[in-house]
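Below is one structure; the comments refer to it alone.
The values are calculated or read from the model by the stated rules, or taken from the named source; none is laboratory data. Since we're looking at a predicted model, the values are computed, not measured. Glycine also receives a Cβ, built like all others from the backbone with ideal geometry; neighbour counts cover every protein chain displayed. In case anyone asks, the SASA skips ligands and DNA or RNA and just uses the protein heavy atoms, side chains included. Shrake-Rupley method; radii C 1.70, N 1.55, O 1.52, S 1.80 Å.
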Amino acid sequence: QVQLVESGGGLVQAGGSLRLSCAVSGRYVMGWFRQAPGKEREAVAAIGLQSDNRTYADSVKGRFTISRDYATKMVYLQRDRLKPEDTPVYYCATAPRSTATLVVHASDHWGPGTQVTVSS
């Protein structure tokens, strides 16, 4: 089975930034998603097998940056200008696709998630 482990969550002030990391073995199309209490899980960003194949949800363009490093087996999500609504749990996931996808149901393996809390 594919095992994913997120890290980097925590408390940060609104307007600040954090970088989340996802350790993954192998080459997969990867995505970052988030879910707030009482809400549906939503996509944030995705990256393909090639690191320049990236896509972002319309609501977060300009504030999130996804990247990957095959040498360290890590996929990252950089979050800038954080807002209180960025507080949910963040998950990384794999998708059996050839290019980046923001479709939640297209993902087949999920990490346990990491909590992000934005204060103001």
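For the stretch 65-70, 3J(HN,Hα) computed residue by residue from phi via the Karplus equation (6.51, -1.76, 1.60; θ = phi - 60°) reads 9, 9, 8, 9, 9, 5 Hz, glycine and proline entered as x. For the chain, the share of accessible area belonging to carbon and sulfur comes to 47 percent (1.4 Å probe, ligands and nucleic acids excluded). Rolling a 1.4 Å probe across the protein heavy atoms gives the chain an accessible surface of 53 Å² per residue.
Across the protein chains, with a 1.4 Å probe defining accessible surface, the residues Val2, Val116, Val103 rank Val103, Val2, Val116 from largest area downward. Hull volume per residue, based on the alpha-carbon atoms of the chain and their convex hull, is 94 Å³.
Local charge sum around Tyr90 (other residues, Cβ-Cβ under 15 Å, Lys/Arg +1, Asp/Glu -1)? Summing Lys and Arg as +1 and Asp and Glu as -1 gives +1.
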